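Report on the following structure.
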Amino acid sequence: MSGHSTYEPKTAIERWLDSRLPILRFSKDHLMDFPTPKNLNYWWTFGAILAFCLGAQIATGIVLAMHYVPNAAMAFNSVEHIRRDVNYGWLIQFIHANGASMMFLAVYIHMFRGIYYGSYKAPREVLWLLGMIIYFLMMATAFFGYVLPWGQMSFWGATVITNIFGAIPVIGPSLTSWLWGGFAVDDPTLNRFFSLHYLLPFVIAGVVVLHIWALHVPGNNNPTGVNVKDKTDTVPFHPYYTVKDGFGLSVFIVLFGAFVFYAPDAMGHVDNYVPANPLVTPQHIVPEWYLLPYYAMLRAIPNKLMGVIALGVAIGVLFIMPWIDTSKVRSMRYRPMARWFFFIFIVTCLVLGWCGAHEPDAVVIPGVGAGFTLGDYPINSDVWLSRLGMLSYFGFFASLFLVPMFETPLPVPESISEPVLAHPATVPAGATAAPEKKG
């Protein structure tokens, strides 16, 4: 995408380095001068925000690992030691704990933006697949990290989630025992999860490098979904988007800092501030907020194996989106029907998250209550709502395949510059506006 290199070493040191390790040339060609569509909006800043979050998580995680003790008898107290006795340990631990939530918030916005603007479509299928691998690794890393404080919710969350694997035919029991390192969640489990939690962020960083590489081959998508025609459609990444990303990141850091300094435990669970006790089960076991929609789906199906299958399909279907969507139009700006299904999909995810956060008998639907009876069978409102949400969730992916058969897209501009240049306010005096496209 960046074409012939324009980098010219200016000093003897630069010439010496360029002939041996052309890192300065690479930075100028692929980071500073990289041609970027000139119509990108602030939804595109979340890639830079995610890079910042990953760096913060790795940096704070390394420091925390210096003081954490992966032992069932001492893990809980070691976290309290970090908060109370280590210099600025409270700050590092709060940044790390809230950083996970901030990273998932950014990645969900990043994913929804990619879906709305069709960034998963050809020729960016590999880019999307790598992004989904990062998302899957993030979920695994977050789950392993959630167990490490060894509080009540950590212990029982690990117990519930690892038991899910036991429903897999043939290999399920062996897989569960391998995860536990024994016959129950205990000290070996904590050691394994700590090792994986420390390792996976570096794996994620490696896949992020591939993700950026895959982005630089076809170049950025843009809100119109139209391929770049020539240099008039692009601007250099620096300074235009470095400044824009910098401003977006600054706003995000303000939100991040508000949680770290004023509500550091807002996204935690009160039961996790009680040491793990295998003999006392919490009244309501829940994962972190960013996994709640999947938890609601799992809880909505009474059969354990079918719940695991539904959970796997709910995640797996994201990987095959480039091949499900049959529309020739990339951006939903020009797809009225698809846009409605997309907004319903967002509401569906929020409803599933809300259901997953509540106890089944705590969800009250007006006119229905916490539950109702169908014949001789009691039906819980939360489960009923979760099942409807699950149908709506999978219905969105079905719509990607079916809607293009009936949808009439709006006229798509021939270039990303056309929507701007055709606006009356941008036409010089005495000139005429570009003709409106038909069809």
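Taken together, the values in this text are just the output of simple stated rules run on the coordinates, not laboratory data. In this text, all values refer to a predicted model and were calculated from it rather than measured experimentally. Cβ coordinates were reconstructed from backbone atoms using ideal geometry, including for glycine residues, and neighbour counts include every protein chain displayed.
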Order of MET390, MET267 from fewest to most other C-beta atoms within 10 Å? MET267, MET390
Under a crude label model (7 Å from the Cα following the beta-carbon direction), how far is SER195 from TRP43 in nanometres? 4.3 nm
Give, to the nearest whole percent, the P(r) tail of the chain beyond 37 angstrom, counting all Cα pairs. 36 percent
Taking R0 as 25 Å, what's the FRET efficiency between ILE109 and MET306 from their Cβ-Cβ distance, rounded to 0.05? 0.20
Computed lengthening from LYS328 to LEU17, 0.36 nm per intervening residue step minus Cα-Cα distance: 107.3 nm
As I understand it, the value is the acute angle between the Cα axis of helix 336-357 and the longest principal axis of the Cα atoms of the chain; what does it come to in degrees, rounded to 10? 20 degrees
Approximate spin-label separation VAL270-PHE202, in nm, with each point projected 7 Å along Cα-to-Cβ: 4.0 nm
Full-extension gain between LEU24 and VAL170, please, as 0.36 nm times their residue separation minus the C-alpha to C-alpha distance. 47.2 nm
Rel. contact order, % - alpha carbon contacts under 8 angstrom, at least six apart, region 170-303: 7 percent
Computed curve, region 288-339, Cα-only Debye sum without solvent term, log₁₀ I(q)/I(0) at 0.13, 0.19, 0.22, 0.28 Å⁻¹, is -0.49, -0.77, -0.84, -0.99
Viscosity 0.692 mPa s, temperature 37 °C: Stokes-Einstein D of region 1-106 from its Kirkwood Cα radius, in µm² per second? 186 µm²/s
On alpha carbon coordinates alone, what is the Rg over Rh value for region 168-249, Rh being the Kirkwood radius? 1.28
Cross-link reach from LYS229 to aspartates and glutamates, straight Cα distance under 18 Å and at least 8 residues apart if same chain, gives ASP33, GLU414, GLU418
Evaluate the distance, in nm, between pseudo-label points positioned 7 Å from the Cα of HIS238 and of ALA51 along their respective Cα→Cβ axes. 1.0 nm
In nm², the average projected area of the convex hull spanned by the Cα atoms of region 28-278 is 15.3 nm²
What whole-number distance in Å separates the alpha-carbon centres of region 141-198 and region 1-45? 45 Å
